[in-house]
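Here the structure is laid out as structure tokens; the discussion comes afterwards.
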Amino acid sequence: MQPKQSIVSLPVYQPGKPIEEVKRELGLKEVIKLASNENPFGSSEHAKAAIMKELEHISIYPDSFSTDLTAAVAAYLGVERDQIIFGAGSDEVILMLARAFLTPGDETVMADETFSQYRHNAVIEGATIVEVPLKDGVHDLTAMLAAITERTKIVWVCNPNNPTGTIVRHAELEAFVRQVPSNVIVALDEAYIEYVTDEAFPDSLALMREFKNVILLRTFSKIHGLASLRIGYGAAHADLIRMVNQVREPFNTTRMAQAAAAASLADTDFVGGCRDRNAAGRAYLYDEFDRLGLHYFEAHGNFIMVDVKMPSAQAFDGLLRRGVISRARWAHHPTYIRITIGSPEQNEAFVAALEAVLTEAAVLG
Ligand SMILES: *Cc1c(COP(=O)(O)O)cnc(C)c1O
């Protein structure tokens, strides 16, 4: 058998370790997973009720056009219905963008480090990856602009950036988008936008309305707490959405996902409550990291990247033995771990475990 050359040595995505596996391997009763930026407060009760209702119809294919959810999201954003496309998570929208636009010889520009799926899908399509180092954990838009050539098809801006949690602000993003050639797609991945409380965060909708080459990527996996249902979307000019839609599978989202997403979008109390509780958890963790003398990046999503002053794999193992699953082994941040902001109880358990790990490694006196 002869697969496409591009996939032969493709690294396999390493998901956060599953809770059940850790419990079994280490014989622990209590394990908390702060590895995948899932919502520690679960999901909207209205979303669950909507899923129960859809159970009646699971033998029938879903609505290929997600008609009701499209109307709800279009109203929420204040855009037309033909400006929205849904995917099995925004991961699939990233895949569709790559599939629709990238061929061997094309270039695609992204930060290093950033969300792994831009690179992954571009590699599969045989495109050339142009990675631009972060500057103090933040996208270096000046350098990214300079990296654009005649071959560039897509530039990815992850805002807030995963894994660092930092943001680019409105003025600099607007200046960047103005200078990007109009034939180059600017993919603004805003998976964590609902968590953002910084007033200078970009008005990305305004940018998307003005620039036909800007696409926003959003998801129901993070603040909406529907990660297991797999639903996210892209929002852009109708012409761009039409092109991406050419490669969409007809039934790429499920009835349950569509119904739950619409119900969750309407549950502004749930989403607002999660945002507030996340901000409180972030303040708590900032204080604790300050007390422990640890550097962290400004966190605008529901996760924080913190310097644990030892090889991150060592901290990961130490935390795991104490029942906390974190994320480690970042190529350019070898002593940093990424931790999801959890519930107050989870955050306290994490800090206690971290303090023990730091003491064990003699990082703390
Ligand atoms: C989680 C995440 C996504 C996608 O999540 P889906 O579950 O596929 O919607 C996209 N981008 C970033 C930066 C993420 O962290």
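FYI, it's all coordinate maths here, none of it is from the lab. All figures in this text were calculated on a predicted structure; none of them were measured in a lab. Methodologically, a virtual Cβ is constructed for each residue, glycine included, from the backbone with ideal geometry; neighbour enumeration extends over all protein chains shown.
Listed from fewest to most Cβ neighbours within 10 Å, the set Trp330, Trp156 follows the order Trp330, Trp156.
Estimated purely from DSSP H runs of n ≥ 4, each contributing -39500 (n - 2.57), the mean residue ellipticity at 222 nm for the chain is -12000 deg cm²/dmol once divided by its residues.
Based only on other Cβ atoms within 10 Å, what is the fewest-to-most ordering of Ile185, Ile124?
Values: Ile185 23, Ile124 16.
Ascending number of Cβ neighbours within 10 Å: Ile124, Ile185.
For segment 230-365, the square roots a ≥ b ≥ c of the C-alpha gyration tensor eigenvalues yield an a/c of 1.5 or more together with a/b exceeding b/c, which makes the shape prolate. The equivalent ellipsoid that matches the C-alpha gyration tensor of the chain spans semi-axes of 32, 26, 20 angstrom, in descending order. Here the simple spin-label model places points 7 Å from the Cα toward Cβ, and for Thr67 and Lys212 these points are separated by 3.0 nm. For the pair Asp198 and Ala279, the difference between a 0.36 nm per residue extended length and the Cα-Cα distance amounts to 28.1 nm. For Lys17, go through the aspartates and glutamates and keep the ones whose alpha-carbon is under 17 Å away, minus same-chain ones fewer than eight residues off. Candidates past the 8-residue exclusion: Glu25, Glu30, Glu38, Asp317.
Fully extending the segment from Ala313 to Ser343, taken as 0.36 nm per residue of separation minus the present Cα-Cα distance, adds 8.4 nm. Can you pick out the pairs among Lys23/Lys222; Lys33/Lys153; Lys4/Lys153 whose Cα atoms lie more than 26 Å from each other? Flagged as over cut-off: Lys33/Lys153. The residues Asp290, Asp82, when put in order of fewest to most other Cβ atoms within 10 Å, stand as Asp290, Asp82.
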